[in-house]
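Enquirer: Here it is, the structure in full.
All of the numbers you see were taken from the coordinates with simple rules; none came from a lab. Please read these numbers as outputs of a predicted model, since none were measured by experiment. All Cβ positions, even for glycine, are placed from backbone atoms using ideal geometry, and neighbour counts span all protein chains on display.
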Amino acid sequence: MVAMLVATSYFGNRILRHVRMDVRKLRNEGFDIVVHTFSENDLRFYRKSVRDIVEVTKETGMRVWIDPWGIGGVFGGEAFSDAALHHREWLQVAANGDKLPACCPSNPGFQGFIHEWTDAALETGADAVFWDEPHFYSDETERIGCYCKYCQDLAERGEPAIGSFLREVCGKVKSRGSQNVVCLLPSSLERKDTLDWNEIAGLESVMNLGSTPFWGMQGADPEKYVDLIGRELMGLASRARVQTHLWIQGFRIPAGREEEIRRSAIAAGQLGIDVIAIWGFDACESMSFLSCERPQMAWAAFLKAIAQLRDRHGRSPSTTVREEKTSTGDRLGDN
Ligand SMILES: [Zn+2]
């Protein structure tokens, strides 16, 4: 039987003795996976530190997914990009020819940089690379999408830019004996022209596919939104025989609305999602921009949901389906 696993992201602290305390707490609270961020800043200044952080996390018995947080402005995350600042030749290009403040995933220079990052990420000893919300730059005035020559070449050949990028980077990780977890922005559900979820789910090198149905950012109903995205995900994941994960919004939840966290996590668990994750550790208490208004209550709401799901779903019918998936597909790895 493959049980539901529980994950959280962890960031903002590079002091090993504090990390050690925090990951032990997470293990005691029932977590199985920690997503550690590995930004451009980390790549430059904290390479060995992140390796140590991964090591102390794995010592607790938890798994580690490593996240190219905010790299190039291509991935999700509250991190600045030095690459976008210093390599103007790597930048995305708007329809009118203007350079945009994010690197282009189709650009060979940026792809070389991602290979360098990937080498360092695998050196940390993480169990999987967590490809965090790869996306094109967008703001209110610009259409999503890049008009650089590399993207135009791909478009002429009918190849989607982000799909091609992920096939390349995931293939490299897999060939090095590691695993890939891909997390897609839910908005792409309505934008099949920029990113086809089925195509990503069908990549042989992808072990686990997920999304970030952060209801508070969309003004959506928490359970309905998580359920909507979760169903879409489960449908294509069962066809492609890939595991699934969903992120529960554990940031910027106002006082009095912590119950939304519990209800959404339950909704995800009831769908049979393999990994239920919260962004992020201690409801982001350490980052004022992201913190929930009452982080301790928000965190407790998530822990309560997990306890309820583990109680309720110890012998759920969906267990059978996951047994079949595990026995037939080597893509599922040993999660
Ligand atoms: Zn481009």
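Residue by residue, here is whether (1) within 20 Å of W197 (Cβ to Cβ); (2) touching a Pro at 6+ places or on another chain (Cβ under 9 Å); (3) buried (at least 21 other Cβ atoms within 10 Å of the Cβ); (4) of a type in the set (S, T, Y) holds:
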position	(1), (2), (3), (4)
K99	no, no, no, no
A102	no, no, yes, no
V129	yes, yes, yes, no
P134	yes, yes, yes, no
Y147	no, no, no, yes
A161	yes, yes, yes, no
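Enquirer: How many residues does segment 99-114 contain that are within 13 Å of the ligand (Cβ to nearest atom) and without any contact (Cβ under 8 Å) to a residue 12 or more places away in the chain? It would help to see each step written out before you state the result.
Expert: At the first step, the residues of segment 99-114 found to be within 13 Å of the ligand (Cβ to nearest atom) are 99-100, 102-111.
Checking the rest, the ones that are also without any contact (Cβ under 8 Å) to a residue 12 or more places away in the chain come to 99.
Of the residues in segment 99-114, 1 are within 13 Å of the ligand (Cβ to nearest atom) and without any contact (Cβ under 8 Å) to a residue 12 or more places away in the chain.
Enquirer: Go through the residues of segment 59-77 one by one and say whether even a single one is within 30 Å of D32 (Cβ to Cβ) and loosely packed, with under 15 Cβ neighbours inside 10 Å.
Expert: The initial filter retains those residues of segment 59-77 that are within 30 Å of D32 (Cβ to Cβ), namely 59-72, 74-77.
Next, only the ones that are loosely packed, with under 15 Cβ neighbours inside 10 Å stay: 59, 61.
Within segment 59-77, one or more residues are within 30 Å of D32 (Cβ to Cβ) and loosely packed, with under 15 Cβ neighbours inside 10 Å.
Enquirer: Next question. State all residues of segment 58-86 that are closer than 24 Å to K25 by Cα and in a helix (DSSP H, G or I); if no residue qualifies, say none.
Expert: Of everything in segment 58-86, those that are closer than 24 Å to K25 by Cα and in a helix (DSSP H, G or I) turn out to be K58, E59.
Enquirer: Any idea how many residues of segment 81-94 are hydrophobic (A, V, I, L, M, F, W, C), in contact with a Gly (Cβ under 8 Å, 6 or more places away or on another chain) and farther than 16 Å from N41 by Cβ? Even if it seems obvious, please write down each step before you answer.
Expert: Residues of segment 81-94 hydrophobic (A, V, I, L, M, F, W, C): 83-85, 90-91, 93-94.
Add one more test, that the residue is in contact with a Gly (Cβ under 8 Å, 6 or more places away or on another chain), and what stays is 83-84, 90.
Filter once more, so that each one left must be farther than 16 Å from N41 by Cβ: 90.
Of the residues in segment 81-94, 1 are hydrophobic (A, V, I, L, M, F, W, C), in contact with a Gly (Cβ under 8 Å, 6 or more places away or on another chain) and farther than 16 Å from N41 by Cβ.
Enquirer: Considering (1) of a type in the set (D, E); (2) closer than 26 Å to M287 by Cα; (3) within 13 Å of the ligand (Cβ to nearest atom), say which one D82 fails and leave the rest.
Expert: (3)
Enquirer: Given the conditions (1) in a helix (DSSP H, G or I); (2) within 15 Å of the chain's Cα centre (by Cα); (3) in contact (Cβ under 8 Å) with a residue 60 or more places away in the chain, which single one is not true for F165?
Expert: Condition not satisfied by F165: (2).
Enquirer: Ok, one more. Could you look through segment 115-127, keep only residues that are surrounded by 16 or more Cβ atoms within 10 Å (Cβ to Cβ) and more than 23 Å from H86 (Cα to Cα), and pick out the one that is farthest from the ligand (Cβ to nearest atom)?
Expert: Looking at the filtered set, the residue picked out is G125.
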